[in-house]
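Throughout, read-outs are computed from the coordinates displayed, never taken from laboratory work. Since this is a predicted model, take the numbers as computed values, not measurements. Using ideal geometry, Cβ is built from the backbone for each residue, glycine included, and neighbour counts are taken over all protein chains shown.
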Amino acid sequence: MIKSKLTLYLLLKKIFGMEFKITKKDKHTVIEVLVDKLDSQIAPSLKSELVLVSGNKEKNIVLDLSQCRYCDSSGLSAILVANRLCKNANGIFVLTGLQTAVERLVTISQLDTVLNITASVEKAEELIAKEGN
C-alpha cells in the first residue's frame, strides 16, 4: 500500500519520468515543468534537461512554469542556467506562465530585469519570432 502522496509521486516519477514535458518546435524548444514545486528535488533534473537541449544545438528555450506554484533558490539557479545557455548560443530564453508566488520571488530577486518573461507560451513564441532567432 502507498503511504503518502510523496511516495506515489516518487513511484510515478520513477516509472514515467513525469517532471517535464519537452516539445521541440521549428525555432525553439518548450520545456513545461509538470510539478508544482521547482525546488532542490527537481532543479538538478531541470538543469540536466536544459544542458541536453542546449547540447542538441537548440539556442532558443521557453520554460513554462504555469503548473509550478513554488520555486526556491535551486529553481532560480536552474532558470539562470537556462538563460546563460541561451545567451552563450546567441539565442533567447523566455520564462513564461509565472504563478503569483514564483513571480514574486523573481521580482524580489530582481531577475525580472534580466530575464525575458511573458504571460503565455504563445507570447513567448511571438517574442522569439520578433527577435529573429
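Secondary structure note: in segment 17-131, about 30% of the DSSP beta bridges are antiparallel.
Near GLY132: Cβ cut-off under 15 Å, other residues only, Lys/Arg at +1 and Asp/Glu at -1. The net charge is -1. Taking other residues whose beta carbon is less than 12 angstrom from the beta carbon of LEU63, and scoring Lys, Arg as +1 and Asp, Glu as -1, yields -1. Checking the cross-link pairs LYS21/LYS130; LYS21/LYS47; LYS37/LYS57 against a 23 Å limit on the alpha carbon distance flags LYS21/LYS130; LYS37/LYS57 as lying beyond it.
Label point 7 Å out from ASP26 along Cα-to-Cβ: which residues of segment 48-78 have amide N under 20 Å? Only 57-63 pass the distance filter. Can you match Cα Rg over 2.2 N^0.38 Å to one of these, [x] 1.04; [y] 1.19; [z] 1.28, based on a calculation from the structure here? This structure yields the entry labelled [x].
Of all aspartates and glutamates in the structure, those lying under 15 Å Cα to Cα from LYS27, and not within fewer than 8 positions of it along the same chain, are GLU58, GLU122, GLU125, GLU126, GLU131.
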